[in-house]
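Please treat every number below as a calculation from the coordinates, not as lab data. Just so it is clear, the model here is predicted, and its values are computed rather than measured. When we count neighbours, we look across all protein chains shown, and the Cβ atoms used for this are built from the backbone with ideal geometry, even at glycine.
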């Protein structure tokens with residue numbers, strides 16, 4: 001019997017407004033709480049709370065000793081204790097760091113979310129966007145190969161127009177060669193990671209997979225391409241996808 005067939009799917013609750021400001025999702029013994037800035041996984045029986053993502057925003061200075069001092073604390077110190085303020089040997093640059101995440105899809109124990117970041121204060125600003133995945137049971141990322149065969153993924157990708165900009169069919173006969181060819185030809189521009197995806201709508205026994213292709217190196221920071229492919233729904237995902245579809249927990253791009 002398939003693993004998912006013997007799983008007991010507990011009551012699923014979906015509480016959200018039009019902006020999806022808050023979602024409560026129950027899977028077996030896990031409770032997933034999602035807001036605009038925070039996603040946590042609660043396991044009452046184990047008395048654990050795991051934070052999958054939490055938005056961050058801060059402005060700070062870095063002393064020559066490597067310590068961080070927030071912009072607000074520096075301003076307070078300047079007026080509250082001018083002598084101590086003048087004795088702080090800090091770097092003049094103000095550092096600004098922002099991190100923002102939002103949920104893309106939840107299917108069974110599989111969470112997909114987008115992560116965006118911005119950093120300024122060094123030699124140049126840095127920014128980018130990634131699609132990330134998280135299995136609430138293993139606390140690790142998951143991959144397309146966990147659900148689909150290499151041949152299925154290869155046949156779907158090799159027909160994608162964006163992929164064909166970097167890989168020619170006569171140069172890639174299988175998924176390994178396709179990924180290798182993309183790595184060599186896309187180089188710094190893009191990086192293709194098969195764990196960077198979300199689950200989209202289902203139709204005619206197929207599921208849309210959205211893959212977030214991020215920049216390949218710092219020189220191409222900010223590059224991001226969203227591609228989609230359709231794959232046959234494997235048996236172990238049929239019930240979880242049906243539940244998520246009914247609860248509006250699939251990515252709509």
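Specify the angular offset, from 0 to 90 degrees and rounded to the nearest 10, of the alpha carbon long axis of helix 235-246 from the longest principal axis of the alpha carbons in the chain.
60 degrees
Cα convex hull of region 99-246: mean projected area in nm², to one decimal?
Average of the hull's projected areas for region 99-246 equals 9.5 nm².
Label points 7 Å out from Cα along the Cβ direction at residue 78 and residue 247: separation in nm?
Those two pseudo-labels are separated by 4.9 nm.
With 10 angstrom as the radius, rank 238, 58, 84 by how many other C-beta atoms surround their C-beta, starting from the fewest.
Numbers: 238 16, 58 13, 84 10.
Fewest to most other Cβ atoms nearby, the residues stand as 84, 58, 238.
Angle check, please: helix 71-80 long axis (alpha carbons) against the longest principal axis of the chain (alpha carbons), in degrees 0 to 90, nearest 10.
So the helix axis and the longest Cα principal axis differ by about 20 degrees.
Does anyone have the angle between helix 175-186 and the longest principal axis of the chain? Alpha-carbon axes, 0 to 90°, nearest 10?
40 degrees
Using only helices, what value at 222 nm comes out for the chain when you add -39,500 (n - 2.57) per DSSP H run of length 4 or more and divide by the total residues, to the nearest 500 deg cm²/dmol?
Helix-only estimate at 222 nm: -5500 deg cm²/dmol.
Can you report the principal axis dimensions of the chain using only the alpha carbons, biggest first, rounded to whole angstrom?
Per principal axis, max minus min of the Cα coordinates gives 71, 50, 32 Å.
Let me have the relative contact order for the chain, percent, based on Cα pairs under 8 Å that are six or more residues apart.
14 percent
Provide the three semi-axes, in whole Å and in decreasing order, of the ellipsoid equivalent to region 39-160 as defined by the square roots of 5 times the Cα gyration tensor eigenvalues.
Taking √(5λ) for each eigenvalue gives 42, 20, 10 Å, largest first.
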